[in-house]
Each structure stands twice: as structure tokens, then as C-alpha cells.
Amino acid sequence: MHMADALISTAVGCTMLAASAAAVGYSIAKIKKDELSEKKIPMMAVAGAFIFAAQMIDIAIPGTGSSGHIGGGILLAALLGSYPALLTISAVLIIQSLFFADGGLLALGCNIFNLGVIPCLVIYPLLFKPILKKGITKTTISIASMIAVVVSLQLGAFGVVLQTQAAGITELPFTTFALFMQPIHLAIGILEGIITAAVLCFLYKAQPQILESANAGAPIPKTAPLRNVIVTLVAITITAGGALSIFASQHPTGLEWSIERTAGVEELEVSGSFMERMVTIQEATAFMPDYDYRASGEDGSLTGTSVAGIVGSGITFLLAWITALAISAVKKKRKMGTPASV
């Protein structure tokens, strides 16, 4: 559900960039000074890399001619908490846009809002966490995952429809576009809900304190052994990004499928000098556009997708780690500089 710049106007793009930047800033401010503990920081980095790799695997939706991949917002929130999760999914989306031309630069704010703000700051606290108040079990995790993922993806898909409507994209009339977007993303949401539930149940069995600390908004206890969990996630990430991504479905994504059935083409043309400048910038920064080598041509290469998966996951890992370390250092410095109360 990564929007391209052609789906929005400059005004909508800038407005959503400001809204998403405000949400990210709010999340940074709300993170507790001890929440980014020595255990949580590597989890942010590994989870971000995992989501990057997982999003490369498009799975065919039976009977539709479409495909979908996980968004990952609910999964990250369940593992990290709302605010660290938004920072992590934002890192994933920024890297995808800048280095792999997946999602437009001007549309980055829309993508962060639809795939990050909605699941992490709205649906996770309002739907996922209340279900777990009944007790964290495999059953409640599965129910919470299915409901939260489906609702967040439906809202995200409707956000795309509203943003194109606000931009005045005449090729995508509101009613027709919505009638294609909502059902196909319902199917994708059910698929993602199953995957999210399976991953969270596996991790809860391996180390329950990860989900428990995220649910409580507390740091992961120093005594919690995470080595096996991190090693497992790294192995899955490398396998998904380096090997399984090669076998991703070639069917159009749910968004592309909806655009094609509404407008008759999978992609709309960018118009306007500002939009064209944004495209030029992205062409300069994207060293592996469409997750392949620049010179691979229309037929693609044998190794490009694998290399892109591993490189992208590695960059995401580093960006998430550095971001978490920087925020943690600033908060500790502020704590040290705060005068003691009399």
C-alpha cells in the first residue's frame, strides 16, 4: 500500500508530511527515558530489519489476480510499544522510498500515516491492548492480531482513497476507487492478521517478557534472555530478504490492482514541475530501484532482489539502532541536567 507521488497533489503531500512528522516528534517526546533500554534497542533494530524483509514478499491473493504483503505496524507495536514502533516503521518506509524507489518521496508522509500512525498510535492502543487486558495467551494474541490488523488496514486503505480524493485525482473517483480498495485490503488484512498472530505467538512462547513489556509500556527486564530470539529473527530476516523474496508474487499489489480497475492503468503519470523534481531526487538516491540493480533492465537480474533484501534490511537495522541510541542518549542527558526537586 505504498503510495506513489502521482496519487497525490503537492498540497496533500506536504500536509501529510507535516502530520506524520508531528506524529513522529510526539512519539519521540512520549518515549520514557528508560523505555529504550539495552534490551529494547536491539529489538527495534532487528524488528525493523525483519519488517523490511517481510514487506518484500508479496503473496498472491487467491481468485483476485492481486497480491499483498504485511504492513507490520501492529506487529511492531506488539513487540516494541506504540511509540518505538512508529519510529521503526518510519525508518523502514524512509529507506524503501529513498534507496529503493518504493513509494514516492512526496507521498512519504501519506505512507507513514497510513502504515504507521494508524496502526501504531490508534489501533494498537484502542483495540489490540484492551483485548490483551483479559490476559496474554495465544488465543488473545491471535484474536487481537486479527482484529487490529484488519481494522488498521481498512483504515489505511480508506486513507489512501481520501488522500487521492483531496488531491483531486480525477482518474480515481471516490466511490469506484473505494469499492475496489476496501475489499481487496480486507483479504490482505486477513492474510496479514494470520501472519502477525503466528509470529507473535511464536515470540511469546520463546520470550513472553517482550510482549509483556510492550503491553505495559515498560523496558524489557535486564534479566530477560533475548539472544535466541534475536538470532532467530536475524536468520528469518536473511532468509526472507535474501531467498524468499525471489519467489514473491508478480501480481500487482492491492493498491496497483485497485488503480488498474478504476483508472485502467497500474500507475498514473506524475505531473507538475515540483512532482518531477521529487522524482528526479528519488532517481538519484535510489541505488537499487524496484529492489534490483540499476542496469538490470526490464528482465531483471538473478541476484538483484536478494542483494536488495539483505542490503535494505541491514540499512534498516542500522538506522533503527542509531535512532534509538540517539533518542536514549538525549533523554539520559536531559535527566542528568534536570535539577533535583527540593
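For this structure, a couple of remarks:
- Evaluation of THR196 against (1) more than 17 Å from GLN55 (Cβ to Cβ); (2) hydroxyl-bearing (Ser, Thr, Tyr); (3) open to solvent by less than 10 Å² (accessible area, probe 1.4 Å) (one fails), failing number: (1)
- Inside segment 101-130, residues that are surrounded by fewer than 19 Cβ atoms within 10 Å (Cβ to Cβ) and farther than 13 Å from ILE74 by Cα make up a count of 1.
- Near pairs, Cβ below 6 angstrom, 6+ apart or cross-chain, from segment 277-299 (open to solvent by 80 Å² or more (accessible area, probe 1.4 Å)) to any residue that is modelled with pLDDT under 95: TYR293/SER301; TYR293/GLY304
Residue-by-condition table, conditions (1) of a type in the set (Gly, Ala, Ser); (2) over 18 Å from the mean Cα position of the chain (by Cα):
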residue: MET3; (1), (2): no, no
residue: ILE8; (1), (2): no, yes
residue: MET43; (1), (2): no, no
residue: ILE51; (1), (2): no, no
residue: ALA54; (1), (2): yes, no
residue: ASP58; (1), (2): no, no
residue: PRO62; (1), (2): no, yes
residue: GLY71; (1), (2): yes, no
residue: ALA77; (1), (2): yes, no
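- Flag for MET16 being of a type in the set (A, V, I, L, M, F, W, C), open to solvent by 10 Å² or more (accessible area, probe 1.4 Å) and either out of contact with any strand residue (DSSP E or B) (no Cβ under 8 Å at 6 or more places or on another chain) or part of a loop (DSSP other than H, G, I, E, B) (or both): yes
- Hey, GLU256 in a helix (DSSP H, G or I), among the acidic types (Asp, Glu) and either buried (at least 19 other Cβ atoms within 10 Å of the Cβ) or in contact with a strand residue (DSSP E or B) (Cβ under 9 Å, 6 or more places away or on another chain) (or both) or not: yes
- Where SER213 falls short, out of the listed (1) open to solvent by less than 40 Å² (accessible area, probe 1.4 Å); (2) modelled with pLDDT of 95 or more: (2)
- Of PRO173, PRO225, all but one fail to be at pLDDT 95 or above, more than 20 Å from the chain's Cα centre (by Cα) and not hydroxyl-bearing (Ser, Thr, Tyr); the exception is PRO173.
- Exactly one residue out of PHE174, PHE180, PHE202 is open to solvent by 40 Å² or more (accessible area, probe 1.4 Å), in contact with a helix residue (DSSP H, G or I) (Cβ under 6 Å, 6 or more places away or on another chain) and free of Cβ contacts under 8 Å to residues at least 24 places away in the same chain, and it is PHE174.
- Residue in segment 283-305 that is farthest from MET56 (Cα to Cα), counting only those that are in contact with a Ser or Thr (Cβ under 7 Å, 6 or more places away or on another chain) and part of a helix (DSSP H, G or I): GLY304
So that you can scan it fast, the table gives a plain yes or no per residue for (1) without any contact (Cβ under 8 Å) to a residue 12 or more places away in the chain; (2) open to solvent by less than 10 Å² (accessible area, probe 1.4 Å):
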| site | (1), (2) |
| --- | --- |
| ALA144 | no, yes |
| VAL150 | no, no |
| GLY156 | no, yes |
| VAL161 | no, yes |
| THR170 | yes, no |
| ALA187 | no, no |
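- In segment 35-43, the count of residues that are within 26 Å of TYR291 (Cα to Cα) and either open to solvent by less than 10 Å² (accessible area, probe 1.4 Å) or in contact (Cβ under 8 Å) with a residue 12 or more places away in the chain (or both) is one or more.
Residues are listed down the side, and each one gets a yes or a no for (1) at pLDDT below 95; (2) within 29 Å of SER306 (Cβ to Cβ):
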site	(1), (2)
LYS30	yes, no
GLY48	no, yes
GLY63	yes, no
GLY71	no, yes
LEU79	no, yes
CYS110	no, no
LEU115	no, yes
LYS129	no, no
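- Out of ILE220, ILE230, sole residue that is surrounded by 14 or more Cβ atoms within 10 Å (Cβ to Cβ), within 22 Å of the chain's Cα centre (by Cα) and more than 21 Å from GLN182 (Cβ to Cβ): ILE230
- Subset of segment 208-253 [farther than 24 Å from VAL311 by Cα and not in a loop (DSSP other than H, G, I, E, B)]: PRO208, GLN209, ILE210, LEU211, GLU212, SER213, ALA214, ASN215, ALA216
- Odd one out for LEU255, checked against (1) more than 19 Å from the chain's Cα centre (by Cα); (2) among the hydrophobic types (A, V, I, L, M, F, W, C); (3) under 30 Å from SER9 (Cα atoms): (1)
- THR139 vs. criteria more than 30 Å from ASP290 (Cα to Cα), modelled with pLDDT of 95 or more and not hydrophobic (A, V, I, L, M, F, W, C): yes
The values are calculated or read from the model by the stated rules, or taken from the named source; none is laboratory data. Note that the coordinates shown come from a computational prediction; the quantities given were computed from them, not determined experimentally. Positions of Cβ are generated from backbone atoms using ideal geometry, with glycine treated the same way; all protein chains shown enter the neighbour counts. When the accessible area is computed, the model is the full protein with side chains, heavy atoms only, and any ligands, DNA or RNA have been set aside. Shrake-Rupley method; radii C 1.70, N 1.55, O 1.52, S 1.80 Å.
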